[in-house]
Amino acid sequence: MDIRKVKRGEVAVAKLGQIKILAERKVKMAELDIDVDNKTLDKIAKIGLRLIKKDKQALFNYAFIVALKNTIKK
């Protein structure tokens, strides 16, 4: 899938299959601001990359969210 930033009003068209929204849910969540040193950041990022490569659903979610964010940014 090609994910790129689009200009306002432009629709990004890629050779994708059909995507249907089946349901919408409201969720409660908390966001945390954390501070870590660079060594810890690198270690956790390396572990995260290894884990997410094995999780096709998580990879799709990440790519889809990035595409949505790129579409709505000015």
Item to check | Matching entry among Asn70, Asn61 (being in contact (Cβ under 8 Å) with a residue 60 or more places away in the chain, surrounded by 11 or more Cβ atoms within 10 Å (Cβ to Cβ) and assigned to a helix (DSSP H, G or I)) | outcome: Asn70
Checklist entry - Taking region 22-58, which residues are hydrophobic (A, V, I, L, M, F, W, C) and either surrounded by 10 or more Cβ atoms within 10 Å (Cβ to Cβ) or in contact with a Cys (Cβ under 8 Å, 6 or more places away or on another chain) (or both)? => result Val36, Leu41, Ile44, Ala45, Ile47, Leu51, Ile52, Ala58
Checklist outcome for this item: Checked Asp35, Asp55, Asp2 against criteria (at pLDDT 80 or above and under 16 Å from the mean Cα position of the chain (by Cα)); the one match is Asp55
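The values are calculated or read from the model by the stated rules, or taken from the named source; none is laboratory data. Because the structure is predicted, anything quoted here is derived from the model rather than measured. Don't worry about glycine lacking a Cβ; one is built from the backbone with ideal geometry, like all the others, and counts go over all protein chains shown.
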